[in-house]
């Protein structure tokens, strides 16, 4: 008799090379509540050779996330199309109907920066992946250069970090986020050791898109710019700094 459960697992593996179903994948991520959440940003396991964060840039096309090849120093057809669009926009004028249409398309295919960090979720003391845009990541970096703080990832003498999510209008705002004022150990020696053993491979999350696949999508997009909006891109306007990333990820295939 055919084992249906085993077939389901194999089907998931084939359709999701990243491994696991989307709910399994998402369970690794820190989900921000409205209001204040507290995390402890963890250092890299090998601080001499790795940063505590992983950097990428995401193109959202065909309801999928594509890691931009430029983050690895390679050429990216989507970025080339984006810049060529803006050359044409500047040539024909931003306020013309064609210019406005192209500007909307260009903004939607633009690569949005993302930063991944391992953090301790103070709600349950589990290790999660914190995925943030440039603005919130900038607030984390500010701590390192602030004379009142320093290396907030230090397990012995660092600081917890408060993420304040304040939804004003359509998009969430994180301007009030900051480190907690009191320096403290992340946990006991045993807890620290356990958390460091449970670090997620955040650098392994950055699997850049294949050049030929992106090139095909861009050829489809370019051939349709004189007609109705193509299906290559999502129809929703993207949030500033793409802080809606996790909300979109819930409905996307894992990349």
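The values are calculated or read from the model by the stated rules, or taken from the named source; none is laboratory data. On a predicted model such as this, the values are computed, not experimentally measured, just so you know. Ideal geometry is used to build each Cβ from the backbone, glycine not excepted, and the neighbour counts take in all protein chains shown.
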Practice item. Might you let me know whether the stretch 112-130 holds any residue that is without any contact (Cβ under 8 Å) to a residue 60 or more places away in the chain, surrounded by 17 or more Cβ atoms within 10 Å (Cβ to Cβ) and out of contact with any strand residue (DSSP E or B) (no Cβ under 9 Å at 6 or more places or on another chain)? Key: no
Practice item. Kindly indicate which of 99, 133 is over 20 Å from residue 206 (Cα atoms) and touching a helix residue (DSSP H, G or I) at 6+ places or on another chain (Cβ under 6 Å). Key: 99
Review point. Based on what the data block shows, is residue 218 modelled with pLDDT under 65, surrounded by 13 or more Cβ atoms within 10 Å (Cβ to Cβ) and within 20 Å of residue 71 (Cβ to Cβ)?
Key: no
Review point. Could you say whether any residue in the stretch 45-57 is modelled with pLDDT of 95 or more, in contact with a strand residue (DSSP E or B) (Cβ under 9 Å, 6 or more places away or on another chain) and farther than 22 Å from residue 154 by Cβ?
Key: yes
Review point. Which members of the stretch 160-177 meet the condition of being touching a residue at least 60 places away in the same chain (Cβ under 8 Å) and in a loop (DSSP other than H, G, I, E, B)?
Key: 160, 170, 174
Check your understanding: Among the numbered criteria (1) more than 17 Å from the chain's Cα centre (by Cα); (2) within 19 Å of residue 30 (Cα to Cα), which single criterion is violated by residue 116?
Key -> (1)
Practice item. State which residue is farthest from residue 190 (Cα to Cα) when the search covers only the stretch 144-158 and only residues that are out of contact with any helix residue (DSSP H, G or I) (no Cβ under 7 Å at 6 or more places or on another chain) and surrounded by 12 or more Cβ atoms within 10 Å (Cβ to Cβ). Key: 146
Check your understanding: For residue 150, are the conditions met, namely being in a loop (DSSP other than H, G, I, E, B) and out of contact with any strand residue (DSSP E or B) (no Cβ under 6 Å at 6 or more places or on another chain)?
Key -> yes
**Study point:** Residues of the stretch 72-92 classified as under 15 Å from residue 209 (Cα atoms) and surrounded by 11 or more Cβ atoms within 10 Å (Cβ to Cβ), total
**Key:** 8
Check your understanding: Somewhere in the stretch 93-103, is a residue touching a residue at least 12 places away in the same chain (Cβ under 8 Å), closer than 25 Å to residue 210 by Cβ and surrounded by fewer than 17 Cβ atoms within 10 Å (Cβ to Cβ)?
Key -> no
Study note, to complete from the structure: Scanning the stretch 182-210 for residues that are without any contact (Cβ under 8 Å) to a residue 24 or more places away in the chain and either farther than 21 Å from residue 113 by Cα or crowded, with 18+ Cβ neighbours inside 10 Å (or both) gives 182, 188, 189, 190, 193, 194, 197
Point to revise | Odd one out for residue 173 among (1) under 25 Å from residue 58 (Cβ atoms); (2) in contact with a helix residue (DSSP H, G or I) (Cβ under 6 Å, 6 or more places away or on another chain) | key: (2)
